[in-house]
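Chemist: Below is the structure I would like to discuss, written out as structure tokens.
Values quoted throughout were computed directly from the atomic coordinates according to the rules given, and no laboratory measurement underlies them. Bear in mind that the values here come from a model prediction, so they are computed numbers and not experimental data. Please note: Cβ atoms are built from the backbone with ideal geometry, for glycine as well, and neighbour counts cover all protein chains shown.
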Amino acid sequence: MSSNANWHCTNYADLLTQPGMNMKTCIVRNASQDAQAVLVIQNKTGRAIDINNSDTQSRVVFESALGGDVWCASTTLNDGFTRGCFGTTVHVGCRATSSADGRLAVRDPRDGFKSEGTVTKGSVASTC
């Protein structure tokens with residue numbers, strides 16, 4: 001996963017109950033006035049962590065009325081890896097986007113301990 005100048009992101013936030021599990025939310029906006037939100041998940045815990053848990057799924061909430069929301073797939077994220085959960089690309093035209101919420105739910109497979117967190121990226125202005 002890589003980013004460029006079209007990516008507007010929060011800083012990484014540590015999932016407080018899982019130190020080393022980092023997350024940030026980005027809004028990607030292109031020259032065609034399309035946009036999508038991305039939840040970026042980085043594992044530096046020293047062990048594998050399951051994305052999603054039995055109670056809660058990870059999710060991206062963005063431009064809901066236009067269909068930009070997405071549920072993130074369940075997967076095991078090994079230590080040292082970074083993954084993105086990409087929302088649906090929607091046409092926003094020449095207006096600022098809405099804000100985007102990246103909601104992360106994880107489970108430590110060693111002990112079953114569950115953690116959740118949300119990071120919100122504010123709206124991104126148009127370049128029109």
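Chemist: In segment 1-83, with Lys and Arg counted as +1 and Asp and Glu as -1 at Cβ, which of these residues, Trp7, Gly80, Thr25, has the Cα nearest the positive end of the dipole, that is, farthest along it?
Modeler: Going by the charge dipole, the pick is Gly80.
Chemist: Net charge within 13 Å of Leu104 by Cβ-Cβ distance, Lys/Arg positive one each and Asp/Glu negative one each, not counting Leu104 itself?
Modeler: Here the count lands on +2.
Chemist: Further question: Could you run the Karplus curve 6.51 cos²θ - 1.76 cosθ + 1.60 with θ = phi - 60° over segment 14-27 and give me ³J(HN,Hα) per residue in whole Hz, x for Gly and Pro?
Modeler: Coupling constants for segment 14-27: 7, 6, 3, 8, 9, x, x, 8, 10, 9, 8, 10, 10, 10 Hz.
Chemist: Using the Cβ atoms and a cut-off under 14 Å, what net charge is assigned to the surroundings of Pro19, where Lys and Arg are +1 and Asp and Glu are -1? Display every interim value, and only then the final one.
Modeler: Values: positive: Lys44, Arg47; negative: Asp14, Asp79, Asp108.
Charge balance in the 14 Å sphere: -1.
Chemist: Taking the Cα centre of the chain as origin, work out the dipole magnitude from +1 charges on Lys and Arg Cβ and -1 charges on Asp and Glu Cβ, in debye rounded to 20.
Modeler: 180
Chemist: If you compute Rg and Dmax of the Cα atoms in Å for the structure shown, which of [x] 14.7, 51; [y] 14.7, 48; [z] 15.5, 53 do you land on?
Modeler: [x]
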